[in-house]
């Protein structure tokens, strides 16, 4: 098939990592794959190009940008794609406006989070209006699928669930000491870590507050925060306010996550909302014990007490208590981490995700270029 992914950008994040990795597998499976960015290209664009996936940007500005829409239409037409695969709401309704109705081309979308409410969110209203041109919407977890249907955003008959997958083989093969050297961490520290954008949704404020409680019982503990975002300055200020200077490391964006995770003792995810967290999948694949808020698809990844610990979002006592429980028991950390690794190997592979998307494309009626030519020939003989 010819497949064109349409995204807002290819910045470093869970959605963008999934798109880059999915495009890689699709290319290896013999498909022709491209990526178009609605706004800017972002950090992962060059990685995609290096594996042979062309990336372009239409440079949309804020508000209604008709020249950018025309550039998007030209990019879609030039791709001659059998499948236009959009990611999240904004990319989808823009593509729906311009992609036309060419026979045997299908328009599918993946929602990488929990979504908003159509009644109060202009973006969701526009996304819902695009459903008439949409063959399928893939939610990344059961919780998100239920939410999209319950809020009247996506019709029941076109919603599907396709969980995210990751490159399992890249995780768990790094020595702990090497990982700690990369992060400049002492050998004897109890290290709690997280990966994610520094934004409201990830609620790093709650993580810092819970970590402050942990330091009372674990005086050698360190918190490592990997990621970048608009809340960096606020988090730096909170670190000082909580007297955690030197104990909290905001290390920024890092492209070498598989090489860093083995340096952690505990992985913590404090999110207010999540879809099917790539960071959480990676932590499981690295064999880390996890504390995560029970929001979105987190409960579909972590089985409480078996592959990690789930806590109520917004409950500081519960969060800090779970961190203390893991920090106090190396045996518990080892047991949960081992089971998390086994679960990831069985359920979270990139190849499984790619196969599900290929079935989805076919179920929606996407035909390869060769199949289209066969259809034309058959029509001519009848």
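The values are calculated or read from the model by the stated rules, or taken from the named source; none is laboratory data. Because the structure is a prediction, the values reported are computed rather than measured. Methodologically, a virtual Cβ is constructed for each residue, glycine included, from the backbone with ideal geometry; neighbour enumeration extends over all protein chains shown.
Could you count how many residues in segment 10-27 are at pLDDT 95 or above and either farther than 24 Å from residue 227 by Cα or surrounded by fewer than 21 Cβ atoms within 10 Å (Cβ to Cβ) (or both)?
Summing the residues that are at pLDDT 95 or above and either farther than 24 Å from residue 227 by Cα or surrounded by fewer than 21 Cβ atoms within 10 Å (Cβ to Cβ) (or both) in segment 10-27 gives 4.
Is there any pair linking a residue in segment 120-136 that is touching a residue at least 60 places away in the same chain (Cβ under 8 Å) and at positive phi to one that is surrounded by 17 or more Cβ atoms within 10 Å (Cβ to Cβ) and part of a helix (DSSP H, G or I), with Cβ under 6 Å and at least six apart or on different chains, and which?
Short answer, once both residue conditions are applied: none.
Return the residues of segment 258-283 that are under 24 Å from residue 112 (Cβ atoms) and part of a helix (DSSP H, G or I); say none if nothing qualifies.
Within segment 258-283, 258, 260, 261, 278, 279, 280, 281, 282, 283 meet the criteria.
Can you tell me which of (1) on the phi > 0 side of the Ramachandran plot; (2) buried (at least 17 other Cβ atoms within 10 Å of the Cβ) is the one residue 184 doesn't meet?
Of the numbered conditions (1) on the phi > 0 side of the Ramachandran plot; (2) buried (at least 17 other Cβ atoms within 10 Å of the Cβ), the odd one out for residue 184 is (2).
Can you find even one residue in segment 295-317 that is within 17 Å of the chain's Cα centre (by Cα) and part of a strand (DSSP E or B)?
No, segment 295-317 has no match at all.
Counting just the residues of segment 115-133 that are outside any helix (DSSP H, G or I) and surrounded by fewer than 23 Cβ atoms within 10 Å (Cβ to Cβ), which one comes out modelled with the lowest pLDDT?
Filtering segment 115-133 for residues that are outside any helix (DSSP H, G or I) and surrounded by fewer than 23 Cβ atoms within 10 Å (Cβ to Cβ), the one modelled with the lowest pLDDT comes out as 119.
Within segment 148-169, can you find the residues that are touching a strand residue (DSSP E or B) at 6+ places or on another chain (Cβ under 8 Å) and either free of Cβ contacts under 8 Å to residues at least 24 places away in the same chain or part of a helix (DSSP H, G or I) (or both)?
148, 149, 158, 159, 161, 168
Determine, yes or no, whether residue 292 is under 24 Å from residue 111 (Cα atoms) and part of a strand (DSSP E or B).
yes
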